[in-house]
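The values are calculated or read from the model by the stated rules, or taken from the named source; none is laboratory data. Just so you know, these numbers come straight off a predicted model, no measurement behind them. A quick note on method: Cβ atoms are made from the backbone with ideal geometry, for glycine too, and the neighbour counts reach across all protein chains shown.
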Amino acid sequence: MSSPVIGNSTLANINGAAAQSSTTGVDSGSELNDRFMTLLVTQLKNQDPTSPMENSDMTAQLAQINTVSGIEKLNDSLSAITDQIDAGQALQATALIGQGVMVPGNRILVGSSDGTDGVVTTPIGVELDGAVEDLQIDIRGASGEIIDSFSTGPLSAGVHSFTWDGKLADGSSAAIDGTYTASLTGTVGDDTYAPTALNYALVNGVIQGANGAQLDLGYAQDPVALSEVRQIL
């Protein structure tokens, strides 16, 4: 059976209402339901009396109305859950203010030790997907040259952190307030690879943006998401 024909004037009225609604924003579920019901009633009024709409056709259109309403309710529920997750992450992030964390990066900062002529350095870390027989750590200067190296020996999978003593290969101390980088090389059998390097950062605050809560790590490093924290020191 062919579908009932809706007159041009009726279609114009419905489309006109839709166009007017689109200028004010996205239709709500109740507005969409009203438009569906208007269309259904219009079809019933304009159907051929000798060939009325079958029950299956009406059931299908009513099912469409319920589907639209259900999708809107689902979207509202997901939006509420997302808001709760964002709020929970922001609360967790604020607990890290003032604490040191290990996040992806390879930077090492050097400072002076209070009351001594020695130096202190920020930790360097690694995130291993699997165990390694050895991990080689090369400390590099501003020009990329290797100024010191050391090995850790065997390490299991997971996150590990280390501290460079701030000594150069010739025994002298690294420059105060200098910035260095670390290159990591893991060894497994005859194979070598570059695992994920981690560096230390101090959490100064929390930034709430479109992508959720992010940790403010100061001028030396871009903000990172809470999920980027690999270790809390």
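Annotations for the structure displayed:
- Taken over the stretch 151-172, the criterion of being surrounded by fewer than 16 Cβ atoms within 10 Å (Cβ to Cβ), more than 26 Å from the chain's Cα centre (by Cα) and not hydrophobic (A, V, I, L, M, F, W, C) is satisfied by Ser151, Thr152, Gly153, Pro154, Ser156, Thr163, Asp165, Asp170, Gly171, Ser172.
Results for (1) surrounded by 15 or more Cβ atoms within 10 Å (Cβ to Cβ); (2) at positive phi; (3) part of a loop (DSSP other than H, G, I, E, B), shown as yes or no for each residue.
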residue	(1), (2), (3)
Thr187	yes, no, no
Thr192	no, no, no
Ala197	yes, no, no
Tyr200	yes, no, no
Val206	yes, no, no
Leu215	yes, no, no
Tyr219	no, no, yes
Asp222	no, no, yes
Ser227	no, no, no
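- For Ile146: the one exception among (1) more than 21 Å from Val119 (Cα to Cα); (2) without any contact (Cβ under 8 Å) to a residue 40 or more places away in the chain; (3) among the hydrophobic types (A, V, I, L, M, F, W, C): (1)
- Applying the set (1) modelled with pLDDT under 75; (2) surrounded by 11 or more Cβ atoms within 10 Å (Cβ to Cβ); (3) more than 30 Å from Thr179 (Cβ to Cβ) to Asp83 leaves exactly one unmet item: (2).
- Taken over the stretch 109-138, residues that are assigned to a strand (DSSP E or B) and modelled with pLDDT of 95 or more amount to 11.
- Options Gly218, Gly212, Gly186: the member that is assigned by TED's automatic domain parsing to the domain that holds Ser156, touching a strand residue (DSSP E or B) at 6+ places or on another chain (Cβ under 8 Å) and of a type outside the set (Phe, Trp, Tyr): Gly186
- Of the set (1) assigned by TED's automatic domain parsing to the domain that holds Asn106; (2) part of a loop (DSSP other than H, G, I, E, B); (3) in contact with a strand residue (DSSP E or B) (Cβ under 6 Å, 6 or more places away or on another chain); (4) surrounded by 13 or more Cβ atoms within 10 Å (Cβ to Cβ), all apply to Ala175 but (3).
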